[in-house]
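What follows is a single structure, written as structure tokens, with notes after it.
The values are calculated or read from the model by the stated rules, or taken from the named source; none is laboratory data. Values in this document were obtained by computation on a predicted structure and should not be read as measured data. Here Cβ is always computed from backbone atoms with ideal geometry, including for glycine, and neighbour counts include all displayed protein chains. Side chains included, ligands, DNA and RNA excluded: accessible areas come from the protein's heavy atoms. Shrake-Rupley method; radii C 1.70, N 1.55, O 1.52, S 1.80 Å.
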Amino acid sequence: MAEMVIAPRLPLQSAEPVVWFARIRLLLAAAALASVLAFDVPHKARTAIVVGAVAVTWSAGVLALARRRADAAMSFAVALGDLAVLGVVQVAEPDAYAGLRFVALFLIATHAYFLGELRGLAVALAGVVALVAPAPFLDGPLGDGMLAFYDALFAASAICCGLFVGRLRTAESAERLRARDLSRRTIEAEGEFRRRIAESIHDGPVQELIGLDLLLASVDQAFARGDREHVEERLAKARILTERNIGMLRDEIVALGPYAFDELTFDAAMEQCAPVWQRRFGFEVELAVEPLDLPNEMCGALFGIAQEAVSNAGRHAGASRVIVTVRTVEGEVELRISDDGHGFEGATPLPTNEPGHIGLASMRERAELIGGRLEIETGERGTKVVARAPLLGMAEGD
């Protein structure tokens, strides 16, 4: 129950770091016991018994736990146990003041990395309580003034360590989870796209080509009978079917992006796409695209952003007009897509953890892949998507 109050634990990616941490913990305890036995420690016998019976035994137990259940070995309870062991050793040997605090900072940083920001802070506070609170009542090596100074410095360092390392771990885990979720949803979106293309080809060109085959067969029969009128009539229908299928297949090719137009510039490819978008979504598309000589990677990323933004305007925003502009601004290429739809209606513009929003997340990913950034403004008067990326010395077209 206490763990739920502090914060959800970060996901464990691999058991190996936890096991290695347990081994290092045992190595530290063994090194401490060897040092007590080898050096002139004021309370040698008592300290050796405490270090051996408490620290070494505890560390060996945690190592065994880590090998069986890594998730349990990185729990908040184990972190409290580590700090409690240091507190017990401090009571047994107050002169080990400095060394115990070095070890405490290491343990706090490591636990904060495994547990995250809030739990890392809780571990740091627990370390301060375990070591700083009893220090004034022990016969330590420092006077009251220096003891207060060093303990204040240790407390500040421990809290900062727990917060900073925990924050790094939280951000790292959030980014890893976001990337994993985006990858999963990208695969799902790719599967859905393949299914749509297959259905579109099967229900459109394939069926019409079957009809065309039957129509041409009837042409042969009419020709064999010498029925010129029927031959001409069926050939005219065949020509119409052929032209219609050419248009349908061109639309599908255009939808695949500028890579399908190796012989065209990016602006020409966008001009090819605009009529397709207008027919598919039933709104007006206005283009204002500068002729730019862009590499394929940037063309693909910008086209993907434009395609998703236009698709969102047509499928979700109920827009009647979309304006797409591409221009250079202070050494950057700027893609801007504006629509007059109803926007996101108060929703987060770039959700990354909800089904159905792979397109919005992918727009940001596409911008980042070309070293750029993405901004979205949305409201009752429409949505504006702006992507900017450095030109990196690319020359503009004529």
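For the range 291-313, does any single residue satisfy the condition of being more than 28 Å from the chain's Cα centre (by Cα), outside any helix (DSSP H, G or I) and either at pLDDT 85 or above or within 26 Å of LEU249 (Cα to Cα) (or both)?
Filtering the range 291-313 for residues more than 28 Å from the chain's Cα centre (by Cα) gives 291-293.
If we keep only those that are outside any helix (DSSP H, G or I) as well, we get 291-293.
This time we only want the ones that are either at pLDDT 85 or above or within 26 Å of LEU249 (Cα to Cα) (or both), so: 291.
Among the residues of the range 291-313, at least one is more than 28 Å from the chain's Cα centre (by Cα), outside any helix (DSSP H, G or I) and either at pLDDT 85 or above or within 26 Å of LEU249 (Cα to Cα) (or both), which makes the answer yes.
Starting from the range 309-333, keep only residues that are on the phi > 0 side of the Ramachandran plot, then list their pairs with residues that are aliphatic (A, V, I, L, M) and surrounded by 13 or more Cβ atoms within 10 Å (Cβ to Cβ) whose Cβ atoms are within a distance under 8 Å, requiring at least 6 positions of separation or different chains.
Going by the 8 Å Cβ cut-off, the qualifying pairs are GLY331/LEU391.
With the condition kept exactly as written, say whether any residue in the range 148-159 is assigned to a helix (DSSP H, G or I) and either farther than 24 Å from PRO94 by Cα or charged (D, E, K, R) (or both). Lay out the reasoning, then the answer.
So the first thing to find is which residues in the range 148-159 are assigned to a helix (DSSP H, G or I), and the list is 148-159.
From what's left, either farther than 24 Å from PRO94 by Cα or charged (D, E, K, R) (or both): 151.
Yes.
When ASP139 is evaluated against the numbered criteria (1) under 30 Å from GLY99 (Cβ atoms); (2) modelled with pLDDT under 75, which criterion, by number, is the only one it fails?
Result: ASP139 fails condition (2) only.
Conditions (1) open to solvent by 60 Å² or more (accessible area, probe 1.4 Å); (2) out of contact with any strand residue (DSSP E or B) (no Cβ under 8 Å at 6 or more places or on another chain); (3) basic (Lys, Arg); (4) closer than 15 Å to LEU115 by Cα, marked per residue:
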position: GLY143; (1), (2), (3), (4): no, yes, no, no
position: MET146; (1), (2), (3), (4): yes, yes, no, no
position: ILE159; (1), (2), (3), (4): no, yes, no, yes
position: PHE164; (1), (2), (3), (4): yes, yes, no, yes
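Within the range 276-290, how many residues are open to solvent by 50 Å² or more (accessible area, probe 1.4 Å) and either at pLDDT 85 or above or in contact with a Leu (Cβ under 8 Å, 6 or more places away or on another chain) (or both)?
Kept after step one, since they are open to solvent by 50 Å² or more (accessible area, probe 1.4 Å), are these residues of the range 276-290: 278-280, 282, 284, 286-288, 290.
Pick out the ones that are also either at pLDDT 85 or above or in contact with a Leu (Cβ under 8 Å, 6 or more places away or on another chain) (or both) and you get 278, 282, 284, 286-288, 290.
Selection size over the range 276-290: 7.
Residues that are open to solvent by 10 Å² or more (accessible area, probe 1.4 Å) and touching a Cys at 6+ places or on another chain (Cβ under 8 Å): list the helices (runs of 4 or more DSSP H) wholly contained in the range 70-127 that include at least 1 such residues.
Values: elements: 70-73, 76-92, 97-115.
Counting at least 1 such residues, we get 97-115.
Test each condition in (1) closer than 29 Å to SER320 by Cβ; (2) aliphatic (A, V, I, L, M); (3) at pLDDT 80 or above for ALA255 and report the one that comes out false.
(3)
Of the residues that sit in the range 215-229 and are exposed (fewer than 12 other Cβ atoms within 10 Å of the Cβ) and not basic (Lys, Arg), which one is nearest to the chain's Cα centre (by Cα)? Reasoning before the result, please.
Applying the first criterion (exposed (fewer than 12 other Cβ atoms within 10 Å of the Cβ)) to the range 215-229 yields 217, 220, 224-226, 228-229.
In the following step, the residues that additionally are not basic (Lys, Arg) were identified as 217, 220, 224, 226, 229.
On the way: ALA217: 56, ASP220: 60, ALA224: 66, GLY226: 69, GLU229: 65 Å.
Per the criteria, the residue is ALA217.
When only residues in the range 325-342 that are in a loop (DSSP other than H, G, I, E, B) and under 25 Å from PHE281 (Cβ atoms) count, which is modelled with the highest pLDDT?
Initially, the range 325-342 is screened for residues in a loop (DSSP other than H, G, I, E, B), giving 330-331, 340-342.
From the residues that got through so far, the ones that are under 25 Å from PHE281 (Cβ atoms) too are 340-342.
Numbers: ASP340: 89, GLY341: 85, HIS342: 81.
Among residues in the range 325-342 that are in a loop (DSSP other than H, G, I, E, B) and under 25 Å from PHE281 (Cβ atoms), the one modelled with the highest pLDDT is ASP340.
Give the range 122-157 a look and list any residue that's among the hydrophobic types (A, V, I, L, M, F, W, C) and under 19 Å from PHE21 (Cα atoms), or say none. Outline the logic, then answer.
First, the residues of the range 122-157 that are among the hydrophobic types (A, V, I, L, M, F, W, C): 122-126, 128-133, 135, 137-138, 142, 146-149, 152-156.
Passing the criteria: VAL123, ALA124.
So, in the range 237-254, exactly how many residues are of a type in the set (Gly, Ala, Ser) and open to solvent by 40 Å² or more (accessible area, probe 1.4 Å)? Explain how you work it out, then say what you get.
Restricting attention to the range 237-254, the residues satisfying the condition of being of a type in the set (Gly, Ala, Ser) are 238, 247.
Narrowing the set further to residues that are open to solvent by 40 Å² or more (accessible area, probe 1.4 Å) leaves none.
The total comes to 0.
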